[in-house]
1. Per-residue HN-Hα couplings for region 49-57, Karplus 6.51 cos²θ - 1.76 cosθ + 1.60 at θ = phi - 60°, whole Hz, x for Gly and Pro?
2. Tell me the net charge near L127. Cut-off is 11 Å between Cβ atoms, L127 excluded, with +1 for each Lys or Arg and -1 for each Asp or Glu.
3. Do any of K40/K71; K71/K120; K48/K71 go past 19 Å between their Cα atoms, and which?
4. So between V113 and E25, what do we pick up on full extension, going 0.36 nm a residue minus the alpha carbon distance?
5. Setting aside same-chain residues fewer than 8 positions from K133, which aspartates and glutamates have a Cα under 13 Å from its Cα?
6. Which of A11, Q70, H42 sits closest to the plus end of the dipole of region 2-93, meaning its Cα is farthest towards the positive end, when Lys and Arg get +1 and Asp and Glu get -1 on the C-beta?
7. Could you give the distance between the Cα centres of region 10-60 and region 106-141, to the whole Å?
8. What pairs in K12/K78; K12/K114; K22/K78; K28/K114 have C-alpha atoms more than 28 Å from each other?
Amino acid sequence: AYSYDDQNIFAKILRGEMPAMKVYEDDKTFAFMDIMPRGKGHCLVIPKAPARNLLDADPADLAAVAATAQKLAGAAMKAFDADGVTVQQFNEPAGGQVVFHYHVHVIPRFEGVKMNPPGKMAETNVLEEFAEKLRTQLAAN
């Protein structure tokens, strides 16, 4: 069995104990900007329910996260005039998972532009500008 640690950073964000640049929220999901973006407009979608990852998440929460990721992917394509979108999800350390609360990455992609290397923090004002673009597009959709 997999154990869920309720002290993970995304659980803290959901409880309001850590800040996050919110892009979208509904009754089951929460979406916010990745502070170490692999590309322009990179955001994350998480379920509000506790789940370590895909392996232990409730199928209804997986479906809700998928629907929100689809919504964000469409908004990101328009907001950033992207050529494509990469949606990624990692499970357990060997699978590349770093934060142990189920999450999906939504990364707008541009022809000929490689993804940024992992682990580099972005400027807050840049993230806020991208978050605003996404919120504006979501409101228009």
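No value in this document is a laboratory result; all are computed from the given coordinates. Worth saying up front: this structure is predicted, and the values here are computed from it rather than measured. All Cβ positions, even for glycine, are placed from backbone atoms using ideal geometry, and neighbour counts span all protein chains on display.
1. 6, x, 7, 5, 6, 4, 5, 10, 6
2. Values: positive: K40, K133; negative: D34, E123, E128, E129, E132.
In short, -3.
3. On the way: K40/K71 17 Å; K71/K120 26 Å; K48/K71 17 Å.
Distance filter (> 19 Å) returns K71/K120.
4. Numbers: separation 88, 0.36 × 88 = 31.68 nm, distance 2.94 nm.
Extra length from V113 to E25 when fully extended: 28.7 nm.
5. D81
6. The one lying farthest along the dipole's positive direction is H42.
7. Between the Cα centres of region 10-60 and region 106-141 lies a distance of 15 Å.
8. Details: K12/K78 31 Å; K12/K114 31 Å; K22/K78 18 Å; K28/K114 32 Å.
Too far apart for the 28 Å limit: K12/K78; K12/K114; K28/K114.
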